[in-house]
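Values in this text are rule-based calculations from the coordinates and carry no lab data. None of the values given here were measured: they were computed from a predicted structure. Note: ideal-geometry Cβ built from the backbone for every residue, glycine included; neighbour counts use all protein chains shown.
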């Protein structure tokens, strides 16, 4: 009896979505992914530890020495200066990360579940339900994203908000726009998987429709989700910032919000006060850049044609016992069939 | 074969090593291969998948992906392909060496006429005016046997049949009169009868155009039909090189011997069938499957007339009997299999499966019967859910039909099944992609047998496998059939494979059943001209016998 070939499956860590790609990547793609990951992780940490990191509260206007000055330049007590309203810019930027993270989480969580559910049902069952859902999704697509977000913000909270009201407003309005995206991607996958032989073989066995959808279609359809989630996360930040900038954001005494701060700093720009607009703006750009870098790298790495690999060196390697299949699947060599035990 | 006159080598490969960078370890696909091809000679490179034959041939054209690193010498005339710049490579491709691809329907661009595509090569090398190029395209189309070339030069690829498309691809390769044509599995995607025609054409390429041909194939019959010299590759190395006659009569290397022994031959199944027939109880049981004037149509688009895939077919399968269903692509054989498995609705006539009439059947009524039917799919790679382990996949039918609560409680039964198909128990914990094609197909057999079905439908279960693996899977199928005694519908395009297993053989042609009978009747004394042609087209792995069969086919060609 020959020993079964040892299968290298790696630890749980090496199979996690993002980490697996990080190990796989090489060269520029790896650089992009690492930069993106560093920025994203820094963003998340900043959001979580905002109460510790920020020197002042987001709505704090005075300390023991009295009121903060308005439009103080960077330096001294206020590392990045103060705004026209007398808030500390550094604190507002750090606290703003928390708001942005919450907005991303709410937008993604709300849209992901509904989008996947509708996508799988619509793609697998097909028929009139599918046609109706696709038309609705297309109709939502036809609206300008921001307009839709504004309308839903007004409907949800009348344009006014505290922290949770504001985040939910932007989150729900983003959700409306995002659901069709998840719906479309999952539906396309479900339609593809529906005609795969393993779904047919489940049908032949007599598996119920619900079991096929959950066990065979859903699990295989979620492959590209990490990618869309990262791309949508950056869009969520943009939408939240844009809502704030247009005046549908969160009041400064409820939470810090980069878009709102940008809006208030418009008049400062012309009078040479740069610190009130640059820092919140930079925060938005950095976070969007970081998340987008992660998303784009994942996209490239997921496609074997775009993925770069280490070049094979001239150093001696073990002779191929396996063939190269596009996509990197390694099949055991056929000859093992002849070597296997006959019971 | 000794060459009296010194004939020059057109291709000379020396110590070629090709290594691919992958996500894991680098993989050496070709390991120190030395080969040469003389002008006007057909060199066949044979080997199973992963043996490096395609990579070797592509190296002749410098067509390797970016992930490959090469060393060694590939002399094409006076040029070393490995040293050439992309620009120099472009200059020799087409003129010195051309390629014929495996799948003619993807090798042609669907939005241009075939004349334009043939002229493309001429334009790229800038020799002829537009008018001359067109005249040349017409001429070459005529030479490769496309009827009415003046007219059809303006046709688009979809207006040609599969065999004609391959002729066009060969015309594209021939138009610049290259010294070497690399043909990568040129007939694998084609039906047997068409394959015979294409092989004939390739033979003419050698005889009339004087081109040397590097033929890559896994089909030993094709090798016997066409090749002058044969190189057998295994694991990136050439294990044996000899002229065709010597190789088939006296294979030296152990691998070559095994490879040749694994090729199914016509006429070996007759004695087995007789044995099985004797073992079966004589009394006539009610048939497991009974089709009477069965018609299956696929609906057309927007009120267009539907496509009739199966037309007035009647047959029956009795308990414990294996019916082989043979036909070319588009003959409706898979459609019949799917209809019996309840995957396709029937349009007219009657199909009774295990006592259930399938005309207008509701899924609810058919579901209880599904546990009594097993199904083996063509492609083992896609018939397993890639996210479930083999044990979970095999346990699925048991769970669905309530014989087990979950995958863990089904495991003892799964282990039994895996052992029945000669897979180690430990394979149950692997994922489908960690098994080879043959192992996967055996796991697929285990899954289909999980509920001990009375009827097994096997849709081309071995056509995606290498010959040596195919031989083992077929052997296993026969053993399991003897052990479990299920009735089976065995669908295949390969007569030799069906001959090995089937008690009775039914031949389908364009949706109609043209002949049905025992293996001895259908294969030894075929009555219908189509069956005769099908039999004669099947190349046998013996150059001498194949030559005489070729003559027979030519004689038949006039009658049909």
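Kirkwood hydrodynamic radius of chain B from all distinct Cα pairs, in Å?
25.7 Å
Counting pairs of alpha carbon atoms under 8 Å apart in space and at least six apart in sequence, what relative contact order in percent does chain B give?
Over chain B, the number comes to 15 percent.
With 10 angstrom as the radius, rank B:318, B:250 by how many other C-beta atoms surround their C-beta, starting from the fewest.
B:250, B:318
Considering every residue in A:192-203, what mean count of other chain Cβ atoms within 10 Å of its Cβ is obtained?
Across A:192-203, the average partner-chain Cβ count within 10 Å equals 6.
For each of B:459, B:191, count neighbouring Cβ atoms within 10 Å of the residue's Cβ, then give the residues from fewest to most.
Fewest-to-most Cβ neighbours within 10 Å comes out as B:191, B:459.
Restricting to Cα pairs below 8 Å that are 6+ residues apart, what does the relative contact order work out to for the range A:56-163? Please round to a whole percent.
About 14 percent, as a whole number.
What distance in nm separates the simple spin-label points at residue B:413 and residue A:134, each placed 7 Å from Cα in the Cβ direction?
That separation, rounded to one decimal, is 4.0 nm.
Give the residues of the range A:84-116 whose amide nitrogen is closer than 15 Å to a point set 7 Å from the Cα of residue B:387 in the direction of its Cβ.
In the range A:84-116, the label zone of residue B:387 (backbone N under 15 Å from the point 7 Å along Cα→Cβ) covers A:113, A:116.
What percent do you get for the relative contact order of the range A:12-302 when only Cα pairs under 8 Å and 6+ apart count?
Normalised by residue count, the contact order of the range A:12-302 is 27 percent.
Sketch the reach of a paramagnetic label on residue B:479 as a point 7 Å from Cα along Cα-to-Cβ, and name the residues of the range B:403-417 whose backbone nitrogen lies under 14 Å away.
B:417
Taking the 0 to 90 degree range and rounding to the nearest ten, how far is the long axis of helix B:390-400 tilted relative to the main principal axis of chain B, both from C-alpha atoms?
Compared with the principal axis, the helix lies near 40 degrees.
Work out the FRET efficiency for residue B:36 and residue A:53 from their Cβ-Cβ distance, taking R0 = 56 Å, and round it to the nearest 0.05.
Taking R0 as 56 Å, the efficiency between residue B:36 and residue A:53 is 0.20.
Helix B:114-124 against the longest principal axis of chain B: what's the angle in degrees, Cα atoms only, rounded to the nearest 10?
Orientation of helix B:114-124: about 40 degrees from the principal axis.
So if we plug the beta-carbon distance of residue B:463 and residue A:246 into 1/(1 + (r/R0)^6) with R0 = 41 Å, what FRET efficiency do we get, rounded to 0.05?
0.10
Round to a whole angstrom and tell me the spacing of the C-alpha centers of the range B:9-54 and the range B:101-174.
29 Å
Between residue B:314 and residue B:367, what length in nm is gained on full extension when 0.36 nm per residue of separation is reduced by their alpha carbon distance?
Full extension from residue B:314 to residue B:367 adds 16.6 nm.
What is the angle, in °, between the Cα long axis of helix B:437-449 and the longest principal axis of the Cα atoms in chain B? Nearest 10 is fine, range 0 to 90.
Computed tilt is about 20 degrees.
At 222 nm, what value in deg cm²/dmol follows for the protein assembly as shown if DSSP H runs of at least 4 each add -39500 (n - 2.57) and the sum is divided by all its residues, to the nearest 500?
Per the formula, -14500 deg cm²/dmol.
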